Every structure is written in C-alpha cells, then in structure tokens.
Amino acid sequence: MSVKYGSESPHWKGGQIKRTCLVCSKSFSVDPNVVIKGNGNFCSRSCTAKRKYGRHIAPKINFKCVICSKDFWDYKSRCINEPNRGKCCSSKCRSKYTQIQISGSNHYRWLNGKTKINALERSQMATRNWASAIKIRDNFTCQKCNKRGGRLNSHHIKHWKTNPELKHDLSNGITLCVDCHKLEHKKK
C-alpha cells in the first residue's frame with residue numbers, strides 16, 4: 001500500500017489560498033488552516049508590524065474635563081470599558097476626580113460622621129510630626145531598655161486628655177519599644 005501526498009491524498013483541501021496583504025496590497029499564498037484561525041492577513045512580518053491595530057476604525061469623541069474644564073479627545077471604546085475615562089483630561093485630574101468621588105459620605109466606610117474625636121486627633125499631621133520628632137530626638141532608641149530600632153512608639157509622659165496644652169510639646173514625649181510601652185500603660 002502506497003502513501004499518497006498532495007493532491008492525490010484523500011485529505012486534500014485544495015492547497016494554498018491566494019490573499020492580498022492589508023498593508024502593501026501585495027498578493028501572497030497562505031494555508032487554509034491559517035485563514036480559518038483568523039490569521040493570514042499580511043504578507044510578511046514587516047507588514048504585520050506596520051498594521052494599525054484597528055485604530056483607524058475606532059472613532060474619537062470630544063469631551064470636557066470635569067475638573068479643569070479643558071476640551072480633550074479620547075477613543076470611544078476606552079470610555080465604554082473604563083468608567084473614569086471621558087471625564088478627565090489627564091491622570092492628575094483623574095486622581096482629583098476619584099478623590100472627590102470617594103471622600104466623605106461617598107466613601108464605602110462612611111459611618112455618618114461617627115469617627116471618634118480621639119481617632120481624628122491622632123491621625124492629624126501635627127501629631128504624626130510630634131511622634132517622628134520624639135523618635136529622632138531619642139535616636140530611635142527605647143529610653144527604658146535601650147533597644148535600638150524595631151517597632152517604636154512615641155509615648156506622652158503626661159496624658160494628653162488631662163493636659164491638652166502639652167499634646168505637641170517635645171518635652172512631654174519619650175520613645176519606648178512596644179513591650180516597654182505596654183508595661184508603662186499597665187503601671188497606670
């Protein structure tokens with residue numbers, strides 16, 4: 001029994017197909033299985049690299065920035081796929097817009113303004129600056145056990161609830177490691 005090849009094979013499907021390159025309009029031949037997979041539109045790798053990826057088809061739309069009121073153009077397909085596209089002209093304006101969208105009562109963790117006053121005071125920049133100044137002054141060393149580095153806390157010597165005027169005073173602070181800080185609070 002002899003094996004048949006080419007046009008004499010029972011599986012023969014007609015050979016290569018003539019196609020026209022979408023970039024340079026040159027005629028070329030390609031296997032039918034390549035066309036079935038959705039390829040075979042370009043005659044060479046250089047023409048494949050020169051293709052426009054469909055951008056010549058995608059329309060651009062004129063928009064006005066909601067932050068700075070500047071006119072700009074963007075692709076319609078981008079605006080459909082990304083919810084913040086088409087509203088802002090740049091990433092800087094987009095970050096401002098997003099910040100406005102998720103602040104205050106629009107934030108997912110909003111509790112109708114129930115944040116405790118103590119938590120608000122501790123998160124203020126003045127309190128953070130005081131804590132870092134205490135650690136720098138004490139050279140990042142626990143003043144009780146002389147442990148250097150690691151997790152350190154800035155501790156108020158006189159409580160800030162009873163002495164609010166000394167809340168940001170550097171003389172009312174001391175650097176303690178986590179263990180010594182817990183012991184200090186257990187004493188009182």
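The values are calculated or read from the model by the stated rules, or taken from the named source; none is laboratory data. As the structure is a prediction and not an experimental result, all values here were calculated from the model. Positions of Cβ are backbone-derived with ideal geometry, glycine not excepted, and every protein chain shown enters the neighbour counts.
Can you give me the ranges of the helices (runs of 4 or more DSSP H) entirely in the range 49-148 with at least 3 residues that are at pLDDT 80 or above?
Working: elements: 76-81, 91-101, 117-122, 125-137.
The qualifying helices (runs of 4 or more DSSP H) are 91-101, 125-137.
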Filter pass, SER154 being hydroxyl-bearing (Ser, Thr, Tyr) and touching a residue at least 24 places away in the same chain (Cβ under 8 Å) = yes
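Within the range 144-156, which residues are surrounded by 13 or more Cβ atoms within 10 Å (Cβ to Cβ) and over 40 Å from the mean Cα position of the chain (by Cα)? Walk me through how you get there before you give the answer.
Keep residues of the range 144-156 that are surrounded by 13 or more Cβ atoms within 10 Å (Cβ to Cβ), which gives 144, 147, 152-156.
Selection gives LYS144 alone.
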Show the residue pairs that are 6+ apart or on different chains and have beta-carbon atoms under 9 Å apart, the first residue being within the range 80-91 and at positive phi, the second being modelled with pLDDT under 85 and exposed (fewer than 14 other Cβ atoms within 10 Å of the Cβ).
-> GLY86/ILE61; GLY86/LYS76; GLY86/ARG78; GLY86/ILE80
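Run down ARG151, ARG137, ARG94, ARG85 and say which single residue is closer than 30 Å to PHE63 by Cα and touching a helix residue (DSSP H, G or I) at 6+ places or on another chain (Cβ under 7 Å). Full working, then the answer.
Values: ARG151 fails: closer than 30 Å to PHE63 by Cα; ARG137 fails: closer than 30 Å to PHE63 by Cα; ARG94 fails: touching a helix residue (DSSP H, G or I) at 6+ places or on another chain (Cβ under 7 Å).
It is ARG85.
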Given the conditions (1) over 30 Å from SER105 (Cα atoms); (2) out of contact with any strand residue (DSSP E or B) (no Cβ under 7 Å at 6 or more places or on another chain); (3) touching a residue at least 24 places away in the same chain (Cβ under 8 Å), and given that THR141 satisfies all but one, which numbered condition is not satisfied?
-> (2)
In contact with a Ser or Thr (Cβ under 9 Å, 6 or more places away or on another chain), surrounded by 14 or more Cβ atoms within 10 Å (Cβ to Cβ) and over 22 Å from ASN118 (Cβ atoms): does that describe ASP179?
-> no
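Just to check your reading of the model, which residue among ARG122, ARG128, ARG137 is within 27 Å of the chain's Cα centre (by Cα) and surrounded by 11 or more Cβ atoms within 10 Å (Cβ to Cβ)? First the steps, then the outcome.
Details: ARG122 fails: within 27 Å of the chain's Cα centre (by Cα); ARG137 fails: within 27 Å of the chain's Cα centre (by Cα).
After applying the criteria, what remains is ARG128.
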